[in-house]
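Undergrad: Quick one: the structure is below, and I'll ask about it shortly.
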Amino acid sequence: PAAPARPTPARTPRAAERRELVMPARLTWKDQRGTTRFASVVTRNISEFGVLIESQSPLSIPLYRLVQFQLERDVRDNRDLPASLRDGRALSAVYRIVPPAYSGARHALALRLMVDPRRVVRETEAAEKSRATA
């Protein structure tokens, strides 16, 4: 007898829209010995609450480690960026690690931006009001 079909899990809507943005950025964190580490990375997509980044070299950052994420200065004025990333460094937590799929592929990390959701709502409402009156 054939196995019963598995129901596909319902996808919950995302809290914020993801934007496909490829931009140079930097990560700063402390390793287990307390030594400050740096890495140059590239964003793949960005939302109000998270960023997917890739690195050509392996990153030895454990899950849930707090890191400072910062876009390079010359790309911070992009209008598609959340306000929290235009200001400079953003405290973030590593919440997913994606190992490379094949040799030579990039390593990826998903970062959760440590921003107050109420602040994001206020900033979004203010931006919408200013566009409506323009």
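The values are calculated or read from the model by the stated rules, or taken from the named source; none is laboratory data. Worth saying up front: this structure is predicted, and the values here are computed from it rather than measured. Here Cβ is always computed from backbone atoms with ideal geometry, including for glycine, and neighbour counts include all displayed protein chains. Accessible surface areas use protein heavy atoms only, side chains included; no ligands, DNA or RNA. Shrake-Rupley method; radii C 1.70, N 1.55, O 1.52, S 1.80 Å.
Undergrad: Scan region 59-113 for residues that are of a type in the set (Asp, Glu) and touching a Lys or Arg at 6+ places or on another chain (Cβ under 6 Å) and jot them down.
TA: Listed by number, the list holds a single entry, 80.
Undergrad: How many residues are open to solvent by less than 70 Å² (accessible area, probe 1.4 Å), modelled with pLDDT under 90 and not hydroxyl-bearing (Ser, Thr, Tyr) when one looks only at region 83-96?
TA: Residues that pass the stated criteria total 3.
Listed here are the residues, each with its yes/no results for (1) of a type in the set (A, V, I, L, M); (2) farther than 24 Å from residue 36 by Cβ.
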{"position": "53", "(1), (2)": "yes, no"}
{"position": "63", "(1), (2)": "yes, no"}
{"position": "71", "(1), (2)": "yes, no"}
{"position": "77", "(1), (2)": "no, yes"}
{"position": "82", "(1), (2)": "no, yes"}
{"position": "89", "(1), (2)": "no, no"}
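Undergrad: A further question on this structure: Name the single residue that is nearest to the chain's Cα centre (by Cα) among those in region 55-100 being within 16 Å of residue 19 (Cβ to Cβ) and of a type in the set (Asp, Glu).
TA: Only one residue fits best here, namely 80.
Undergrad: Within the set of pairs 6+ apart or on separate chains, which have a first residue in region 14-37 that is open to solvent by less than 40 Å² (accessible area, probe 1.4 Å), a second that is of a type in the set (Gly, Ala, Ser) and modelled with pLDDT of 90 or more, and C-beta atoms under 7 Å apart?
TA: Note: pairs meeting the criteria are 16/47; 27/39.
Undergrad: Being at pLDDT below 85, out of contact with any Pro (no Cβ under 6 Å at 6 or more places or on another chain) and either assigned to a helix (DSSP H, G or I) or on the phi > 0 side of the Ramachandran plot (or both) is true for just one of 127, 101. Which residue is that?
TA: 127
Undergrad: Of the residues 74, 116, only one is at pLDDT 75 or above and of a type in the set (Asp, Glu); which?
TA: After applying the criteria, what remains is 74.
Undergrad: Has region 18-33 got at least one residue that is within 14 Å of the chain's Cα centre (by Cα), modelled with pLDDT under 95 and under 13 Å from residue 113 (Cβ atoms)?
TA: yes
Undergrad: Residues of region 61-82 being assigned to a loop (DSSP other than H, G, I, E, B) and either surrounded by 12 or more Cβ atoms within 10 Å (Cβ to Cβ) or in contact (Cβ under 8 Å) with a residue 40 or more places away in the chain (or both), which ones?
TA: Within region 61-82, 61, 65, 72, 76, 78, 80, 81, 82 qualify.
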